[in-house]
Amino acid sequence: MGKDTITLTRSIRLEIDLPTQEERQEAKSKLYQWRYRCHKAANLIVSHLYVQEMIQEFFYLSEGVKYKLVDEKKDELGLFDRSRMNTTYRLVSDRYKGKMPTNILSQLNSSIQSTFKKNREEYWKGERSLHNFKKEMAFPFTMEGVCGLEFNPEKSAFCFRFFSIPVKTYIGRAFNDKWKLMHQLTKGEIKMRTSYLKLKDGKIFMMAAFEMEKEKHNLRTEVVAEAMLSLEYPIIVKIGKAKLSIGSREEFLYRRLAIQAASRRTREGVKYARSGNGQKRKTKAAARFKDKERNYVNQRLHVYSRELIDFCVKHQAGTLILVDQEQKIEFAKEDAFVLRNWGYYDLMTKIKYKAEKAGIELIIG
């Protein structure tokens, strides 16, 4: 039996909740300092983990060197004077304790240890290179860093202290489930697991991970829904005698090609645009198309996957099969046009997540 809970990740914009510009700038600078130290700490941790893992390959060391990666108190050949997990945590803690919250360092160490362990075999075979953490990386934290969370009616925002920094949320129009999730979190109805803070273009985003119970539906595992994904119709699903076509070629593919063509024409005309304030003024028209195609496709795929799962729930289908999907993926790799415009890997990801949330078993054929 699978877990009864599911984790949903939502991007929520945060703003520094301080009265003066100087105070807000100082608080933001502190966040940037934490991110920079996380970047240095992450690369230190992964480097030390690799050296620990490959110590047996250092054949040029003397034979008397102990090389078991365990605490010396537990094994006479032990290399460490503490637990293996603690080695890298103490490494970064000794460097940055007092300069940033230890909760961030602890979660960073745990996350990197877990990822390294999962990829250990590929490191041994030389099939994977070590992860190189960039300065723009997001850094992790737990609910310990969210202090005094409450909804402030005057500000129409959720306010809390991110460790020592007062912040408030900026969610925007309530056309999504972020408001609902945050209200449930303040009431203790759901939990927030290890989340991440990301700084981008001067803005602050919290990648919040909410743990909640799966939706309860009256589903029957013997009722099977068969779905086909294609360019003609994004999704065609059949449950017994019931059949539904979701989306169309004209709605999805033609609209996507129209955005591509408009973007291409605009880029070609940039050289004839009037200048005056440098590159920004000259490329103003082309900048309008930045991420337009990606956002359109992402929105449509969310709608298609939602309609599919709603159709399955309506007919009590407890099993969903994506028919001949592996074969279609191989075919798409050989056709440049299909590969460029066939966004069904993302569609499968969205279907998988929504099916898991609804308690539907997904089978990819």
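Starting from the stretch 134-157, keep only residues that are under 18 Å from residue 197 (Cα atoms), then list their pairs with residues that are assigned to a loop (DSSP other than H, G, I, E, B) whose Cβ atoms are within a distance under 6 Å, requiring at least 6 positions of separation or different chains.
145/163
Could you please give the count of residues in the stretch 215-260 that are within 30 Å of residue 287 (Cα to Cα) and under 30 Å from the mean Cα position of the chain (by Cα)?
Count: 15.
Need pairs with beta-carbon distance below 9 Å; first residue modelled with pLDDT under 90 and within the stretch 173-197, second among the basic types (Lys, Arg) and outside any loop (DSSP other than H, G, I, E, B); sequence gap 6+ or separate chains.
Going by the 9 Å Cβ cut-off, the qualifying pairs are 174/180; 176/10; 177/10; 178/10.
Please give the strands (runs of 3 or more DSSP E) falling wholly within the stretch 54-162 in which 1 or more residues are open to solvent by less than 70 Å² (accessible area, probe 1.4 Å) and modelled with pLDDT under 90.
Filter on the stretch 54-162 gives 68-71, 78-80.
May I ask you to verify whether residue 325 is over 15 Å from residue 253 (Cα atoms), at pLDDT below 85 and touching a strand residue (DSSP E or B) at 6+ places or on another chain (Cβ under 7 Å)?
Yes: the conditions hold for residue 325.
Quick test of your reading of the structure: residue 166 fulfils all but one of (1) more than 29 Å from residue 300 (Cα to Cα); (2) assigned to a loop (DSSP other than H, G, I, E, B); (3) not hydrophobic (A, V, I, L, M, F, W, C). Name the failing condition by number.
So the condition that residue 166 fails would be (2).
Identify all residues within the stretch 182-211 that are more than 17 Å from the chain's Cα centre (by Cα) and either surrounded by 15 or more Cβ atoms within 10 Å (Cβ to Cβ) or within 23 Å of residue 107 (Cβ to Cβ) (or both); write none if there are none.
Selection gives 182, 184, 185, 186, 188, 190, 191, 203.
The values are calculated or read from the model by the stated rules, or taken from the named source; none is laboratory data. Treat the numbers as computed from the prediction; the structure is a model and nothing was measured. Here the Cβ is made from the backbone with ideal geometry for all residues, glycine too, and neighbour counts use every protein chain on show. Just so you know, the surface numbers come from the protein's heavy atoms only, side chains and all, with ligands and any DNA or RNA stripped out. Shrake-Rupley method; radii C 1.70, N 1.55, O 1.52, S 1.80 Å.
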